[in-house]
Amino acid sequence: MSETTSTHQDQERETAHHKQPVLLVRILKSSWFYTVLLCLAILGTAGGFLYMRITNSRVYTDTATISAPEIALAPDVSGTLEAVYVQDGDFVKANTPVARVGNEIIKTTVDSLVISENNDIGALFNPGQSVVTVIDPSQLRVHAQVEEDKGLDRIKVGDRVIFTVDAFGSKEFVGVVSSISPTATASDVVFNISNSRQEQNFDVKIRFDTSAYPELKNGMSARAWIYQ
């Protein structure tokens, strides 16, 4: 074999030797690219699945109000209103006098928050006619309205609830479902030209620790996420 031929072969081997790392890098780069794509696809699928699972495991409503049952304090017998001892916003203990009608002293039955009073001194009040209206703050609940076709069938007593209150922005509060109304708040079914039914809403009551959230007041608006 001539020296020229030998040199040429050596050059080809040298060139091939240099090409191998370049080709390997290209293969590795290509594999890395497709690996990244595969990982992104897996993450996207997993994220979508997780999102769907979370979405399907909760019921959301932005129609909710914090309130407690109103207690009307009224005389047992007819008489003239002689005096009122409390005003709107007062906190009073149980058995506290709030008004006098004739000779009858009207008292609270539980620790109460006064939400309204009638100061029409000299007016005649009959049995059952409220002189002072109060609520029991410990009975405050979130009253959430849930449409019958928006997950009502998935809600159960004891379900965990996260809710926010408009007055406190995005601050989250925790509660549990305490009751689900057996009757719709709007029972009439009506039809329009498009033959669509009127939406039926059900009241879902949510209990929370009133001592932990003293800032929550009667009448505040709320949003609720009910988790199954």
Assuming F173 fulfils every condition listed in (1) surrounded by fewer than 17 Cβ atoms within 10 Å (Cβ to Cβ); (2) closer than 27 Å to P214 by Cα; (3) in the same structural domain as K205 (by TED's automatic domain parsing) apart from one, which condition is it?
-> (1)
Of (1) in a strand (DSSP E or B); (2) modelled with pLDDT under 95; (3) of a type in the set (S, T, N, Q), T45 satisfies every one except (1)
Looking only at the stretch 203-215, decide whether some residue is at pLDDT 90 or above, among the polar types (S, T, N, Q) and either assigned to a strand (DSSP E or B) or within 20 Å of D62 (Cβ to Cβ) (or both).
-> no
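For the condition touching a His at 6+ places or on another chain (Cβ under 6 Å) and either in a strand (DSSP E or B) or among the hydroxyl-bearing types (S, T, Y) (or both), what is the one hit in T65, T80, T61? Let's see the steps before the verdict.
Values: T80 fails: touching a His at 6+ places or on another chain (Cβ under 6 Å); T61 fails: touching a His at 6+ places or on another chain (Cβ under 6 Å).
After ruling out the rest, the residue left standing is T65.
Whether any residue in the stretch 104-122 is in contact with a Lys or Arg (Cβ under 6 Å, 6 or more places away or on another chain), over 20 Å from N201 (Cα atoms) and of a type outside the set (G, A, S) is what I want to check. Let's see the steps before the verdict.
The initial filter retains those residues of the stretch 104-122 that are in contact with a Lys or Arg (Cβ under 6 Å, 6 or more places away or on another chain), namely 111.
Remaining after also requiring over 20 Å from N201 (Cα atoms): 111.
Right, trim to of a type outside the set (G, A, S) and you get 111.
Yes: one or more hits.
The values are calculated or read from the model by the stated rules, or taken from the named source; none is laboratory data. All figures in this text were calculated on a predicted structure; none of them were measured in a lab. Backbone-built Cβ (ideal geometry, glycine too); neighbour counts: all protein chains shown.
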